[in-house]
Amino acid sequence: MIDKPTLGFIGVGVMGEKMCRNLAQKSGRTVFAYDRNPAPLERLSAHGVKATTSLAEVIARTDIIFLSLPGEPQVREVVLGDDGLFAHARPGQVILDCSTCPVRLAQEIAEAAAAKGVRFLDAPVARGVKAAENGTLNFMVGGDQEDFDTVLPYIKCMGGDITLCGAPGAGQAVKLMNNMIVVQTVQAIAEALKVARESGAVDGRMLFETLATGSADSFVLRNHGIKSMLPDLHPTETFPVRYIMKDLGYALELAKSCGIRMTGAEATMDLLKRADAMDFGDRYYTILIEALGMTDT
């Protein structure tokens, strides 16, 4: 257990800024943050977060470091790069990766961390921007029980449901399967709405609100469907097509590595690629409804 640790946060983008703010406001600890973009660091300074100028400074001044980065290339550079965290880390420090990355990368980092006496946990999050704002994210964690117990009080500053899923890589595996299921459900409700609109047999709102009272009800129906698809709201400031393509790609990679073919996920990936080719790559991925094609006549 680390007594009265100093905290670090690397990557204060759309999700990370909100997570870092909650960490600073609720933890009672000093938080040092780093990002290549100075704007969120300036905003966070109003909440007591101290900006740093390099990865080396973050690792030198902190005991527990959180990462919230776009994906594998950024995590690999920040952690394993020539001037990355492991180049400056000292034994006993704890690094939590809250990014969504391949399972194999989490396992690779955990192995490298052990060789340096550094403690590593993969801790990807779910529930989106609003939950990051409210501090109610769902954390899926892979790592050692003792390390998990050390960081749990600080994860609670940012999350509601927090689960130790197993050894390093387990958190990423759960997150990838979560997103694989969610995006396929988004496709299913998009198809239902598209059929309702094109057939004229039932009003789309009536369809969704009635489904929400029965066995087809889900978080995805109520949020992605009723709040986004129904009013045709697919903003650019939330989870875009290209991000979910990345996550689904990692999920397909994991399945392939163990000899499983996820045909439903492959079909959804094809639809997402079509949406991206239609210049919707930066829009909330519910925009995939626009990529649904008509049948041949």
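The values are calculated or read from the model by the stated rules, or taken from the named source; none is laboratory data. This one's a predicted model, so the numbers in the text were calculated from it and none came from an experiment. Methodologically, a virtual Cβ is constructed for each residue, glycine included, from the backbone with ideal geometry; neighbour enumeration extends over all protein chains shown.
Go through Ala201, Ala216, Ala188, Ala212 for me and flag whichever is touching a Gly at 6+ places or on another chain (Cβ under 9 Å) and in the same structural domain as Arg283 (by TED's automatic domain parsing).
Just one listed residue meets the conditions, Ala212.
Can you pull out every residue in segment 75-86 that is in a helix (DSSP H, G or I) and either touching a helix residue (DSSP H, G or I) at 6+ places or on another chain (Cβ under 8 Å) or surrounded by 24 or more Cβ atoms within 10 Å (Cβ to Cβ) (or both)?
Result: Val75, Arg76, Val78, Val79, Leu80, Leu85, Phe86.
Among the residues of segment 1-55, write down those that are in a helix (DSSP H, G or I), polar (S, T, N, Q) and under 20 Å from the mean Cα position of the chain (by Cα).
Asn22
List the number of the failed condition for Gly143; all other conditions in (1) within 19 Å of Gln74 (Cβ to Cβ); (2) crowded, with 21+ Cβ neighbours inside 10 Å; (3) not aliphatic (A, V, I, L, M) hold.
(1)
Can you report the number of residues in segment 170-206 which are in contact with a helix residue (DSSP H, G or I) (Cβ under 7 Å, 6 or more places away or on another chain) and of a type in the set (A, V, I, L, M)?
13
Suppose we keep only residues that are among the small types (Gly, Ala, Ser) and more than 30 Å from Glu146 (Cβ to Cβ) within segment 22-53. Which one would you say is surrounded by the most Cβ atoms within 10 Å (Cβ to Cβ)?
Applying the filter and picking the extreme gives Ala51.
Looking at Ala123, Ala110, Ala60, Ala114, which is the one that is free of Cβ contacts under 8 Å to residues at least 24 places away in the same chain and either in contact with an Asp or Glu (Cβ under 8 Å, 6 or more places away or on another chain) or among the aliphatic types (A, V, I, L, M) (or both)?
The match here is Ala114.
Of the residues Ser45, Ser54, Ser68, Ser27, only one is touching a residue at least 60 places away in the same chain (Cβ under 8 Å) and small (Gly, Ala, Ser); which?
Ser27
One line per residue, one yes/no per condition, for (1) at pLDDT 95 or above; (2) buried (at least 20 other Cβ atoms within 10 Å of the Cβ); (3) touching a Pro at 6+ places or on another chain (Cβ under 6 Å):
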position	(1), (2), (3)
Val186	yes, yes, no
Glu191	yes, no, no
Gly214	yes, no, no
His234	yes, yes, no
Cys258	yes, no, no
Tyr284	yes, yes, yes
Glu290	yes, no, no
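Among Lys227, Lys246, which is modelled with pLDDT of 95 or more, farther than 18 Å from Met177 by Cα, surrounded by fewer than 20 Cβ atoms within 10 Å (Cβ to Cβ) and out of contact with any helix residue (DSSP H, G or I) (no Cβ under 7 Å at 6 or more places or on another chain)?
One residue alone meets the criteria, Lys227.
Residues of segment 232-264 being under 15 Å from the mean Cα position of the chain (by Cα) and of a type in the set (Asp, Glu), which ones?
Glu237, Asp247
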